Structure formats: C-alpha cells, structure tokens
Amino acid sequence: MFLIHCPYCNEEREQEEFSPAGEAFIARPEAPEDISDEAWADYVFYRTNHKGDHWEQWVHSNGCRKYFMVERSTITHEILKVAAFGADISE
Amino acid sequence: MQKKYSWYSLLKAGLSGQDWDQAIPLVEPKSKYDVIIIGGGGHGLATAYYLAKECGITNIAVVEKGYIGGGNTARNTTIIRSNYLRDEASSLYEHSMQLWEGISEDLNFNVMFSQRGVYNLGHTLQDMRDIERRVNANMLNGVDAQVVTAKEIKEQIPIINTSQNARYPIMGSSYQPRGGVARHDGVAWGFARAAAMLGVDIIQDCEVIGIEVEEGRVKGVNTTRGDIMADRIGCVSAGHSSVIAKMAGLRLPVESHPLQAFVSEAMKPVLHTVVMSNAVHGYISQSDKGDLVIGAGIDGYSSYAQRGASRIIEHSAAAILEMFPIFSRVRMNRQWGGIVDVCPDACPIISPTKIQGLYFNCGWGTGGFKATPGSGHVFAHTIAQDKQHPLAKPFHLDRFTTGALIDEHGAAGVAH
C-alpha cells in the first residue's frame with residue numbers, strides 16, 4: 001500500500017483510489033495491417049516486466065478518472081516520479 | 001546419504017537418537033553439465049527428477065539462488081485439483097493429478113498428499129451455469145466432478161453459512177473428490193532428494209546472473225558461484241522468468257505480481273476439505289498442523305517485492321468470514337506474499353524459444369503448485385527430445401502470435 005500523487009488533482013491520495021493500468025510507453029503500431037504477427041504479438045502481449053525502476057500507467061479511478069504515468073520501483077514500491085501524459089520526464 | 005527411507009530406517013534412526021543423514025547433499029558446481037535447470041522450486045526439481053528417471057540424462061545441475069523449499073513452492077496454499085474447463089488445461093492438470101496419486105511411493109518421500117476433496121462454490125445463477133458446464137466438460141475428459149447443491153454442501157460442511165441472507169448466498173458448487181492438498185515444502189524436499197539420489201547436482205545459494213548465447217545457441221550460465229556450461233538450459237524461475245529471459249535477450253508475455261496468503265493459529269480439526277470461491281475470492285483449507293490456510297488474490301500492479309497491499313487480504317478475510325462466520329474470532333498468525341508470473345490467458349508456457357537449447361517453463365501465475373509433477377514431467381521430455389511433449393504442445397510461446405490462446409481465465413472456477 002502506498003500513496004500516489006495525482007498530477008491532475010495535485011494531491012497525494014491513498015493507492016486504493018487508483019487502479020494500475022499496465023506498462024507505460026507501449027505505442028499502438030501506426031499501421032497494424034502492415035506489420036508482422038510477431039510485431040503485433042509483441043505489442044499486445046509481450047511486456048518488459050522490469051525488475052527495478054519502472055514506468056507504468058495508473059488511473060485515478062475514484063478521483064478525477066484521468067490516466068497518468070508513474071515511475072515506481074518494482075522492488076521497493078517506492079514512487080520516484082509522477083507525470084501527466086506529454087510531460088517532459090527527462091528530469 | 002541415506003539410501004532409502006523405510007520402516008527399518010525409521011526404527012533404526014529412532015533407536016539411535018535420530019541419527020539421520022543429510023537429505024539433500026551440498027555440492028559444488030562442476031564446470032559443465034548436459035542440462036542446467038535454472039530454479040530449484042518444485043517445477044524445476046521435478047523436471048530434473050524426470051529427466052534423470054525417464055530420459056536417461058543424469059548429468060544435470062539445478063541452480064537455485066536461495067535454498068530448497070524457500071520460494072513459491074513453500075508459499076502457496078497447497079491446493080491440488082484438475083477440474084479445468086478446457087481440454088488442453090484439463091489434460092495437463094489431470095496428468096499431474098495422476099502423478100500426485102503415486103508420488104510419495106515414487107519419490108520414497110511422504111509428501112502428505114491428501115485427497116480430501118475440493119469444492120468450488122457458486123454464488124449466482126451464472127456461477128451455477130458455469131459450474132454445470134465445467135463439471136460436464138470434466139466428466140467428458142475423464143476427470144471426476146460433481147455438481148452439489150447448497151443443502152448437500154451444508155451436510156458435508158456443517159460450519160459453512162448457506163443462509164439466503166448472506167450478501168452472496170451459496171447456491172451450490174462443483175466438487176472434485178480426488179482434489180486435495182499436499183505438504184508443499186515436502187514436495188520440494190522429496191523431488192530434490194529423489195533427483196539427488198539419481199545423480200542430479202542440487203546447487204543452492206547459486207544465483208544466475210547471465211546467460212551465454214553464441215550464434216543463436218545457448219552455451220551456459222554465469223552464476224554467483226562461477227560459470228557453468230551446458231548445451232541445454234531449462235528456465236523454471238516463476239516470478240523472475242522475465243529477468244532470466246532478459247539475460248538471453250528475450251521478452252516474455254508475462255507480468256509479475258505479488259500473491260498473498262495467510263494462516264491462522266493452529267486449532268483442532270474443524271474443516272476437513274478444501275473450499276474455494278471465485279466470486280467472493282477466498283479459498284481455505286485446514287493444514288494437518290491445524291492452522292487455517294487462506295489464499296488471497298494478486299495486486300494489480302507489477303512487483304518483485306514479496307508483499308502486497310493489506311486491502312487484498314482484508315477482501316479475502318471478508319469473503320472467508322461470510323462463508324464461515326465461525327472463524328470471526330480466529331487469530332491470524334502469519335501473512336506473506338510470493339511473486340507469480342501471470343500470462344494473459346492465465347495458462348502456462350512450456351516451450352522452446354528462438355534460442356536453440358533454451359527452454360522456458362513459466363507463466364503458471366497463481367496456480368502452479370497443483371501442476372508440479374506434471375509440469376516437470378512434460379518439461380523434462382520437452383528438453384530431452386528437443387520436441388514438445390504432446391501435452392505441452394498447446395502451451396507453446398507461439399500461441400501469442402497465432403492467437404490460439406487457451407481461454408481458461410475465469411472459466412475454470414479458478415481462484416487458482
């Protein structure tokens with residue numbers, strides 16, 4: 001259990017208000033009909049499942065209901081960064 | 001090392017002050033083996049055992065980063081059943097069930113396999129329709145299964161609450177008489193000892209930190225205890241499968257999640273069977289020691305920390321209390337989490353990879369313990385013949401590309 005800062009509400013709330021929404025930065029292929037089955041499988045099913053600091057998506061489901069990105073350690077659960085989509089996350 | 005456990009050896013050790021030999025010898029890794037199994041859990045040890053016993057390969061190393069019986073094998077809720085809906089899954093788990101039925105004699109190690117029956121409860125009309133469908137499918141596949149009514153459940157389990165006033169009233173259940181439990185750490189010890197007796201090296205405290213691949217062929221592993229070479233490597237590392245895959249430059253269609261369980265203080269026998277409910281999400285049995293063993297669900301986020309959120313166990317405890325109000329004053333003793341690798345279709349991967357000689361047995365998610373002997377058996381044959389065992393065929397990695405997923409998720413009465 002941890003606290004998550006919602007970048008839209010600008011408030012730190014209990015994790016229970018949020019729902020995890022999977023790995024971040026998975027882009028839907030521009031032209032699905034043109035890519036191989038392997039590439040499509042990679043997009044739909046294959047995941048990095050990284051052990052360490054990991055960018056993922058959360059949705060503030062019992063709040064503003066908006067999606068945003070979180071960098072969280074999958075080893076300690078510590079949240080390192082929170083960002084709205086399109087925000088500069090380089091530092 | 002003790003040759004064989006028997007009446008005579010028990011008597012002898014009893015009279016000589018419990019002078020037992022070490023069950024699993026501590027060995028140093030050699031520089032080369034025919035096969036390396038990464039992961040000394042139940043599935044990995046079973047793979048090594050069946051490779052040695054049935055496939056004529058005994059020059060095997062099982063490398064384990066911790067100790068035998070220290071991982072998920074000894075963290076699960078020990079439930080064994082084979083009442084899956086789909087033919088592919090049902091055949092695999094039933095294969096395992098049949099191996100369980102002879103496992104203690106086969107391993108010469110009492111794993112305390114107890115066929116005390118498993119009830120999968122239904123709480124809605126749709127639950128009951130699904131249960132009838134699954135029971136029919138089970139019977140067509142030769143798996144023992146029955147539909148039982150709430151009244152019959154109450155007769156068998158007097159402490160269960162079948163009142164219609166419950167938030168989710170119990171309407172009936174499926175029942176598999178051959179289902180049950182086994183002592184999980186005993187399973188790991190039994191397979192480890194039996195494999196060691198056949199010449200397998202069980203190397204504990206030895207973490208794999210790299211996999212050597214040359215021209216598309218696997219060459220060996222780098223470990224915290226030196227490099228070990230082998231042409232064939234089976235990865236059976238459960239929650240850490242993606243980590244091992246990454247060492248070989250592969251990705252897997254799995255995500256790791258924490259799965260929690262908890263046990264109560266020990267008490268006198270009160271529950272003689274296994275009760276599971278998918279709808280309210282809780283499953284419970286009473287161990288031979290007397291503690292209630294309760295399983296919870298997974299956390300939705302990916303994690304490698306062996307702990308989960310308290311609301312998950314609160315949810316399961318609430319479900320258990322609704323079914324068994326008598327347990328409301330039971331004190332809980334311990335709570336823990338394990339890391340499980342979950343596939344999109346909740347079915348395992350037993351498969352070769354695009355790297356020659358590298359095989360994966362993973363993705364068992366929340367329900368791998370029941371499959372331990374069967375999984376090891378089919379994986380051993382897959383590695384030995386470089387060709388999938390017929391029962392393992394539907395579980396190829398290719399299914400995520402072809403789309404031939406096995407729609408077992410939620411269809412099998414699974415709370416795992």
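The values are calculated or read from the model by the stated rules, or taken from the named source; none is laboratory data. Remember, predicted model here, so these are calculated numbers, not experimental data. Here the Cβ positions follow ideal geometry from the backbone for every residue, glycine too, while neighbour counts run over all protein chains shown. Accessible surface is based on the protein model in full, side chains and every heavy atom, while ligands, DNA and RNA are left aside. Shrake-Rupley method; radii C 1.70, N 1.55, O 1.52, S 1.80 Å.
Roughly how tilted is helix B:372-385, in degrees to the nearest 10 and between 0 and 90, from the longest Cα axis of chain B?
It is inclined by approximately 30 degrees.
For B:Ala13 and B:Gln385 in the same chain, what is the full-extension length gain: residue separation times 0.36 nm, less their Cα-Cα distance, in nm? Display every interim value, and only then the final one.
Details: separation 372, 0.36 × 372 = 133.92 nm, distance 4.17 nm.
In short, 129.8 nm is gained.
Debye calculation, C-alpha points only, no solvent: report log10 I(q)/I(0) for the stretch B:251-291 at q = 0.23, 0.27 Å⁻¹, in the same order as the q values.
-0.86, -1.01
Got a number for the accessible area of B:Lys30? Probe 1.4 Å, square angstrom, nearest 10.
Per-residue accessible area (B:Lys30): approximately 100 Å².
So what's the back-of-envelope 222 nm ellipticity for chain B, counting only DSSP H runs of four-plus at -39500 (n - 2.57) apiece and dividing by all residues, rounded to 500? Mind dumping the intermediate values first?
Values: 11 runs with 117 residues, N = 416.
Theoretical 222 nm ellipticity from helices: -8500 deg cm²/dmol.
Evaluate the relative contact order of the stretch B:44-123 (contact order divided by residue number), counting alpha-carbon pairs under 8 angstrom at least 6 apart; express in whole percent. Display every interim value, and only then the final one.
Details: 31 pairs, mean separation 11.7, N = 80.
Relative CO of the stretch B:44-123 lands at 15 percent.
What distance in nm separates the simple spin-label points at B:Leu321 and B:Asn161, each placed 7 Å from Cα in the Cβ direction?
The two pseudo-label positions are separated by 0.9 nm.
Would you mind calculating the relative contact order of the stretch A:3-84 from Cα pairs under 8 angstrom and at least 6 residues apart, reporting the percent as a whole number? Display every interim value, and only then the final one.
On the way: 130 pairs, mean separation 25.2, N = 82.
Across the stretch A:3-84, relative contact order equals 31 percent.
On average, how many beta carbons from a partner chain sit within 10 Å of the beta carbon of a residue in A:49-55?
That average works out to 6.
Take the protein assembly as shown, compute every pairwise Cα distance, and split them into 10 Å bins from 0; I just need the percent in each bin.
Bin by bin from 0 Å, the calculated values are 4, 18, 28, 27, 17, 6, 1, 0.
Can you give the FRET efficiency for B:Glu214 and B:Lys30, using 1/(1 + (r/R0)^6), R0 = 25 Å, r = Cβ-Cβ distance, to the nearest 0.05?
Values: r = 20 Å, r/R0 = 0.81.
Efficiency for this residue pair is about 0.80.
With a 1.4 Å probe and every protein chain kept in, tell me what percent of the accessible surface of chain B is carbon plus sulfur.
On the way: 8630 of 16760 Å².
Accessible surface attributable to carbon and sulfur in chain B totals 52 percent.
For the stretch B:254-268, just list the computed ³J(HN,Hα) in residue order, Karplus coefficients 6.51, -1.76 and 1.60, θ = phi - 60°, integers in Hz, with x standing in for Gly and Pro.
Working through the residues one at a time gives 10, 10, 8, 9, x, 10, 10, 8, 8, 10, 8, 5, 6, 9, 5 Hz.
Could you give me the radius of gyration and the Dmax of the stretch B:101-196, taking only the C-alpha atoms into account and expressing both in angstrom?
In Å, with Rg to one decimal and Dmax whole: 17.2, 55.
Starting from a Cα-only point model with no solvent, please compute log10 I(q)/I(0) by Debye for chain B at q = 0.07, 0.09, 0.13, 0.14 1/Å.
-0.33, -0.54, -1.11, -1.26
For the stretch B:239-313, what is Rg from Cα atoms divided by 2.2 N^0.38 Å, rounded to two decimals? List each step's numbers first, then the result.
Details: Rg = 16.3 Å, N = 75, 2.2 N^0.38 = 11.3 Å.
The value comes to 1.44.
D for the stretch B:1-133, whole µm²/s, Stokes-Einstein with Kirkwood Rh over alpha-carbon pairs at 20 °C and 1.002 mPa s: what number? Mind dumping the intermediate values first?
Working: Rh = 18.4 Å.
The estimated diffusion coefficient comes to 117 µm²/s.
Please give the length that would be gained between B:Asp205 and B:Arg331 if that part of the chain were fully extended, namely 0.36 nm times their separation in residues minus their C-alpha to C-alpha distance (nm, one decimal). The partial results should precede the final answer.
Working: separation 126, 0.36 × 126 = 45.36 nm, distance 3.48 nm.
Full extension from B:Asp205 to B:Arg331 adds 41.9 nm.
Would you mind checking the tilt of helix B:125-140 against the longest principal axis of the Cα atoms of chain B, expressed as 0 to 90 degrees and rounded to 10?
The answer is roughly 50 degrees.
Using the alpha-carbon atoms, what tilt in degrees (0 to 90, nearest 10) does helix B:310-323 show relative to the longest principal axis of chain B?
Rounded to the nearest ten degrees, it is 50.
Could you give the Stokes-Einstein D for the stretch A:3-84 in µm² per second, using the C-alpha Kirkwood radius, 37 °C, 0.692 mPa s? Write out the running numbers ahead of the final one.
Working: Rh = 13.9 Å.
It diffuses with D of about 236 µm²/s by this estimate.
Would you compute, for the Cα atoms of the stretch B:311-370, the largest minus smallest coordinate along each principal axis and list the three values in descending order, in whole Å?
56, 22, 22
Over all residues in B:302-309, what is the mean tally of Cβ atoms on other chains that come within 10 Å of each residue's Cβ?
Details: counts 12, 9, 10, 6, 0, 2, 2, 6.
Per residue, the average neighbour count from other chains is 6.
Cysteines without a disulfide-compatible partner in chain A, using Cβ under 4.7 Å as the rule?
Isolated Cys, chain A: A:Cys64.
Residues in the stretch B:154-196, backbone N under 17 Å from the label point at B:Met267 (7 Å along the Cα-to-beta-carbon vector): list them, ranges by number please.
B:157-162
Seen from all sides and averaged, what is the projected area of the convex hull of the Cα atoms in the stretch B:187-303, in nm²?
Values: hull surface 43.8 nm².
The Cα convex hull of the stretch B:187-303, projected and averaged over all directions, gives 11.0 nm².
Binning every alpha carbon pair distance of the stretch B:264-398 at 10 Å from zero, what are the percents per bin?
Calculated over all Cα pairs of the stretch B:264-398, the distribution is 11, 32, 27, 20, 9, 1 percent.
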